[in-house]
Structure formats: C-alpha cells, structure tokens
Amino acid sequence: MAKTLHIKNYGCQMNVYDAIRMSDVLEPLGYRQVDTPEDADLVILNTCHIREKAAEKVYSELGRLRTLKQDRADGGSEDRAPMMIGVAGCVAQAEGAEMVRRAPYVDLVFGPQTYHRLPEMVARATRESSQKRGAGRGIIDTDFPIEPKFDFLPDAKSQGASAFLTIQEGCDRFCAFCVVPYTRGAEYSRPAADVIAEARLLVAGGAREITLLGQNVNAYHGTSPSGPSGPSGQSGQSGGEWRLAALAAELAGIDGLERIRYTTSHPRDMTPDLIAAHGEIDALMPYLHLPVQSGSDDMLAAMNRQHTADDYLNIIDALRATCPDIALSSDFIVGHPGETDADFEATLDLIRNVGYAQAYSFKYSPRPGTPAAAMEDAVSEELKSERLARLQTLLNEQQISFNETFVGRSLPVLFDRPGRSDTQRAGRSPWMHSVHADFGTAAEAAAAFGRTVDVRILSAHPNSLAASPVRGSDAAQQEPATV
Ligand code: SAM
Ligand code: SF4
C-alpha cells in the first residue's frame, strides 16, 4: 500500500546523503516522499549535533509534530495509518533513551549507523501501534554495528546531475571542540570497489559531478579493488589500500563523469599525493574546503588540531604550486576557550594571507562530553559576537572580490537546479560559484538542465554570479578563467 514519507534534514552534506539513502531503504516498503509533514505517514527528523542548542531545536520541532500526530489520531480516519515520528542523525545518537523519555510520542530513535535497519524498525513500530494510537512506540537503535550499514543498503538511485557519495565516516582526530568522534564513531573507509560501483550507478542515473563525502574525507584508506592483500594502490600505498588520490584517479576514468569534488578535509591528511592529484586529474575541480579553524598556534594546540598555522600555509602554497587557480574555503571557530585578542588577530592575519573564495564561521559552542567543554577561560558571548562580525566582514570582502574577478569571463557551468523562471537555470562553476543563467527561451533552458554549458559572466553578487549562454562568435573569444 502506498505510504508517504517526509524527511526534514539538518546539518551537513553527509546528512543529505543519509536522507537520500533512508528514502532508498524505505522505497521497497511503498514509501514515497512528500513535501510537508502534514501529508506524511512517517516523518523523520535527520538531526545534527555539531553546534548550539541542537537538541533543544529538535525537541521544539518534535512538539509541533506531536500536535500533528495527535490531530491525526483524533481525526480517527480508518483508511489512514497513525502518523509515525522518527528521529535520526547525531542528536538521536547522543540522546538515545533520553529522547523517548522526554518525548514519549516518538516512535523511532536511530543513529547514523543503523538506518539500514529502518524496515525492521518500522515493521516493529507498526505491529505495536494498534493499541496505542497517538502514543509512541519508542524503538531505539543507536548501536555502532560491526558490519557497516553500506553492505545492507540497496543500490543507489539517481540523484540528478550532481550527486553525493559517502566514502568515509566517523573520525579519529578528536579535535577538542568536536562531537563527531562520539556521535559518528571511529573512522571507517568504504572499500574502493564499492565506491566505484556506486559512482557508476550514479553516473548511469545522470550524474556529471560527484562529491565524495566524509567527516574527514581525506583520511580515506579503503581496501583496494584487488583486496586487502592485493598489490598497493597508486602513490606507494601499501597493504592493498587506496588513499583518496588513487580513488579519485580511478573515478575520473568513468565515462560521463566530468567533475569530482571531496569534502570535508583535515589539513593533517592533505598528503603529497593528494596535493599532486590537483595538478594531475582534470576532473578534480579547482576548489577545496580545507578548514583551519584558527590562525593562532596556541589555539590550534588547544583545539588539538595537530598542526600549526605555518603547516597550513605551506599546504596552501603547495596546492597553489600544483593547481594555480585553486579556490579555497575554510571553517573558522571564534571564541574557543582561552582565545585572546592576539589569537583572534592571528586568525585575521591568516585569512588575509590565504585569500579565501568563501568560508564558514561559527561562534564556539560547548558540546557536552568534549574536552573543550571542560576548559576554563570561556570567552563571553558578547566578545564572540564582536569577533565573529569582524571575521565575517573580512571573509565577505574576500568573497566579493573573488567573485568580481569572474565578470566578463566564460566558464563551464553544470546546470543542476531550476531557476527563478522557466527561461532560467542554476548551476555550479568549477570554483563552486552558484551561477544563475537566463537562456532566453524555456526550451533552451530545459536543454541545458543536467548538462555542462559554457556561459559568460555578466555580474557578480556576494553569493552568486549572473550569466548568459555563450553563443556563436562569443564562443571564439572564450578564455580560460584564472583566479
Ligand atoms: N572534519 C572537519 C574538519 O576537520 O574541520 C569539520 C567537520 S564539522 C562537522 C564542521 C565544522 O563545524 C567544523 O569545521 C567547525 O568549524 C564547526 N564546529 C565543530 N564543532 C564546533 C563547536 N563545538 N562550536 C562551533 N563550531 C564547531
Ligand atoms: Fe571533528 Fe573534523 Fe576534528 Fe574530526 S577532524 S574531530 S570531524 S573537526
């Protein structure tokens, strides 16, 4: 019988991938996706625990869903099953049984490593539901199973022209501020053969670009396609393992795959072979998100980042030597415990030194159970806000100047999103700009969808570029973009 599913997603691209895979797992049970919780038989909140008040936000969203669920139960239609509420992701992992205690109307609580078991969880909850209309069933599954969930997931479905593919999960770096090692568990890399097979399916489904995902993606070290005792991967890797550079080189050989990206990386895992790959693999896009968090060596040590500001700058120099037009992005945390004015100034200096194309910045927020949460010398909220505003002003200036260097240039854009009207489409440049182009007619716009088309940049905005397609004589004047 047809049933409806609504997944509300929070957080990073890894959660986007997980939400796609949850719906793949539920499809054989007859679930199809709907846009609103009001229309859904099963609502899943796929949560993120990385920053402030994550759990409180989930509980308040659950309060709204409780009313919907109760209204459905009170409506008492016999042809409609009781509404089921699931909470997935890192808040579910961290809260576990506490969530069922605080929100007893929740039916399923499951972590990022167990969603392949959704069919069993849903079946159990349905069996137990007959007597308890409006109440929850409280099924909790927050294990870290020995067997990876990837072995049990169905084949990947089409995600369109730009697709996500998780290749690595968990993290062993234990940065002092970060909750990921506790919610996502120990680092695990998928075997290269599985990644290649999934990439082929995505390309067969129309993907022209694949973004390889991992909490610390450049720590990737998956079993090579010839097995654990087979010959080494490229770049001198031993023990039948492939690092990310070897995997990217192999994926670049897939017919029809034009672009490869990867995120998020740790500077310590930016190995020489991966840096070299940016100059060797055409499909590897000239854009890298490489979080540094702070420009102060004292803060980097307090954060347990295991590198200095100079180490980071040396990596940037090496990347620019191998790929001169590479655009850089980063994450920054302001107001980590102990951060002085001088530490903060060092971060601004590093930003001026690197020159970012774009970046994300956050006020430090203590995460229960992490070492930083127990540190003294907390920075006041007021000072955090002041520092964040100064940092963002500088980053925004850099982003606008970066975008402006593209005006008048022709670039290949992969159009993967609808535009504001039927003559427009939106897509990404190789440097990750969001590009909006007007094709003049709805037919031309439709023809561009899912393809890479050369466009001329007409104007630059803080978060996007406006463009029109390159036609006829225009094409002859094309010039490669340099940053
Ligand atoms: N693995 C990546 C790395 O090594 O930087 C980052 C993953 S984390 C999901 C994304 C970003 O959230 C981090 O880079 C950091 O800037 C931010 N973040 C993590 N914990 C935080 C905290 N407790 N307070 C504020 N920001 C935090
Ligand atoms: Fe968190 Fe990234 Fe540090 Fe791992 S490397 S602990 S995911 S910030």
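The values are calculated or read from the model by the stated rules, or taken from the named source; none is laboratory data. The shown structure was predicted, so the numbers you read here are calculated from the model rather than taken from an experiment. So basically every Cβ, Gly included, is an ideal-geometry build from the backbone, and we count neighbours across all protein chains shown.
Please tell me if G11 is more than 16 Å from ligand 1 (Cβ to nearest atom) and small (G, A, S). No, not satisfied. Each residue in the stretch 270-320 was checked for being in a helix (DSSP H, G or I) and touching a residue at least 60 places away in the same chain (Cβ under 8 Å), and 1 of them qualify. Go through the residues of the stretch 326-340 one by one and say whether even a single one is away from ligand 2 (no atom under 16 Å from the Cβ) and part of a helix (DSSP H, G or I). No, the stretch 326-340 contains no residue that is away from ligand 2 (no atom under 16 Å from the Cβ) and part of a helix (DSSP H, G or I). Would you be able to say whether some residue in the stretch 292-311 is crowded, with 20+ Cβ neighbours inside 10 Å and more than 16 Å from ligand 1 (Cβ to nearest atom)? No, because not a single residue in the stretch 292-311 is crowded, with 20+ Cβ neighbours inside 10 Å and more than 16 Å from ligand 1 (Cβ to nearest atom). Checking the conditions here, which among A193, A197, A176, A161 is surrounded by fewer than 17 Cβ atoms within 10 Å (Cβ to Cβ), in contact with a Ser or Thr (Cβ under 9 Å, 6 or more places away or on another chain) and modelled with pLDDT of 95 or more? Selected residue: A193, the only one of A193, A197, A176, A161 that is surrounded by fewer than 17 Cβ atoms within 10 Å (Cβ to Cβ), in contact with a Ser or Thr (Cβ under 9 Å, 6 or more places away or on another chain) and modelled with pLDDT of 95 or more.
Here T423 meets the list (1) at pLDDT 95 or above; (2) crowded, with 17+ Cβ neighbours inside 10 Å; (3) away from ligand 1 (no atom under 16 Å from the Cβ) almost entirely, failing just condition (2).
Of the numbered criteria (1) at pLDDT below 95; (2) in contact with an Asp or Glu (Cβ under 9 Å, 6 or more places away or on another chain), the one G240 fails is (2). Please tell me if S294 is in contact with a Ser or Thr (Cβ under 8 Å, 6 or more places away or on another chain) and among the hydroxyl-bearing types (S, T, Y). Against the criterion (in contact with a Ser or Thr (Cβ under 8 Å, 6 or more places away or on another chain) and among the hydroxyl-bearing types (S, T, Y)), S294 qualifies.
If you go through the stretch 19-65 and pick out every residue that is part of a helix (DSSP H, G or I) and closer than 20 Å to K3 by Cβ, you end up with 15.
F406 meets the conditions (1) surrounded by fewer than 17 Cβ atoms within 10 Å (Cβ to Cβ); (2) in a loop (DSSP other than H, G, I, E, B); (3) touching a Ser or Thr at 6+ places or on another chain (Cβ under 9 Å) in every case but one. The failed one is (1).
Of all residues in the stretch 341-360 being of a type outside the set (A, V, I, L, M) and under 19 Å from A301 (Cα atoms), which is surrounded by the most Cβ atoms within 10 Å (Cβ to Cβ)? Top of the filtered list is T347. The set of residues in the stretch 45-104 being of a type in the set (G, A, S), in contact with a helix residue (DSSP H, G or I) (Cβ under 7 Å, 6 or more places away or on another chain) and either without any contact (Cβ under 8 Å) to a residue 24 or more places away in the chain or within 16 Å of ligand 2 (Cβ to nearest atom) (or both) consists of A54, G89, A94.
Please enumerate the residues belonging to the stretch 240-269 that are farther than 29 Å from D310 by Cα and of a type in the set (D, E). Matches in the stretch 240-269: E241, E250, D255, E258. For first residues located in the stretch 355-371 and under 29 Å from N403 (Cβ atoms) and assigned to a strand (DSSP E or B), partners that are within 14 Å of ligand 2 (Cβ to nearest atom) and aliphatic (A, V, I, L, M) and lie 6+ apart or on another chain with Cβ distances below 6 Å form the pairs F362/I333.
Out of the residues in the stretch 51-104 meeting the condition of being within 30 Å of the chain's Cα centre (by Cα) and acidic (D, E), tell me which one is surrounded by the fewest Cβ atoms within 10 Å (Cβ to Cβ). Looking at residues that are within 30 Å of the chain's Cα centre (by Cα) and acidic (D, E), I get E56.
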